[in-house]
Amino acid sequence: SVGAQNISINTANQILGGINVDAKGEPISVTSIVFNVVGIGDTAAHITNVTLVGPNGNIVAGPVDGVNTATGSAGGTFSFSDTVTFPVGKGLYTLKGKLSTDYTSNDTVQASTTPSGWGSPTGQSTGNSITPTPSSAITMNTMTVKAPVITISVLSTPLAQTTVAGGSFNFAKYQFDASQ
C-alpha cells in the first residue's frame, strides 16, 4: 500500500511499509500485531521507536524497538502488544521508525505481517472472535536507505581579477549539492 522509496538514517518517522486494513460489519480489535522485518546491510535491532500510524495520522501502536530473531541475523520483528481497534471501512496503516547510523546507503528494509497471527481479533459489537484474512504473509515494498551525502565543488567563477588594497572582492564560489 506504500510504494518503495528512499528513507534516511538517524531521522524519526521514516516509512518502513504500510498495509490496508478493511474491517467489515463492525470495528475489530486485536491485542497484538507482529511485523517481521529483514534489514539487508544491518539488523532489525538497529531500528527503534517503531510505531503503527493510522489513517488519520495518529499513532495506534508503539513505539517499540526492533528485535533480532537470531544472533547475526538480518531478520527480526517489531512486536506491538497494544490493543488496536480498526474501525469499519478501509484504512491505510503505516509502519514508521528510526534507523540507526549503523545503516548505510543502499541497505534495504522490508517488513511483512500475517493477519491470521494477530492476537485475539474480536468484533467490538458482537464480541465474536474474527478470523482475519489472508492467512499468508503480506510483504510490504522494499525501502532503500540513503545516508546523507553532500558534494562540494569550486565553481569556475569568479574569473581572475585585479583588486586594490582595502577593497573587497569575491575570490571563490562553492557549490553544495545535497540532491542525492
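The values are calculated or read from the model by the stated rules, or taken from the named source; none is laboratory data. These figures come from a predicted structure and were not determined experimentally. All Cβ positions, even for glycine, are placed from backbone atoms using ideal geometry, and neighbour counts span all protein chains on display. Side chains are part of the model used for accessible areas, which takes the heavy atoms of the whole protein and leaves out ligands, DNA and RNA. Shrake-Rupley method; radii C 1.70, N 1.55, O 1.52, S 1.80 Å.
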Just checking, which of Ser112, Ser100, Ser135 is touching a helix residue (DSSP H, G or I) at 6+ places or on another chain (Cβ under 9 Å), among the polar types (S, T, N, Q) and within 23 Å of Ile59 (Cα to Cα)? Ser100
Residue list for the range 1-59, filter: farther than 23 Å from Pro132 by Cβ and polar (S, T, N, Q): Gln5, Asn6, Ser8, Asn10, Thr11, Asn13, Gln14, Thr43, Thr48, Asn49
With the condition being open to solvent by less than 10 Å² (accessible area, probe 1.4 Å), I'd like the strands (runs of 3 or more DSSP E) fully within the range 72-134 carrying at least 3 qualifying residues. 75-80, 89-99, 108-113
Members of the range 135-146 that are part of a loop (DSSP other than H, G, I, E, B) and open to solvent by less than 20 Å² (accessible area, probe 1.4 Å): Met140
Filtered residues of the range 45-62 (kept if in contact (Cβ under 8 Å) with a residue 24 or more places away in the chain and either within 20 Å of Asn10 (Cβ to Cβ) or open to solvent by 70 Å² or more (accessible area, probe 1.4 Å) (or both)): Ala45, His46, Ile47, Thr48, Asn49, Val50, Thr51, Val53, Pro55
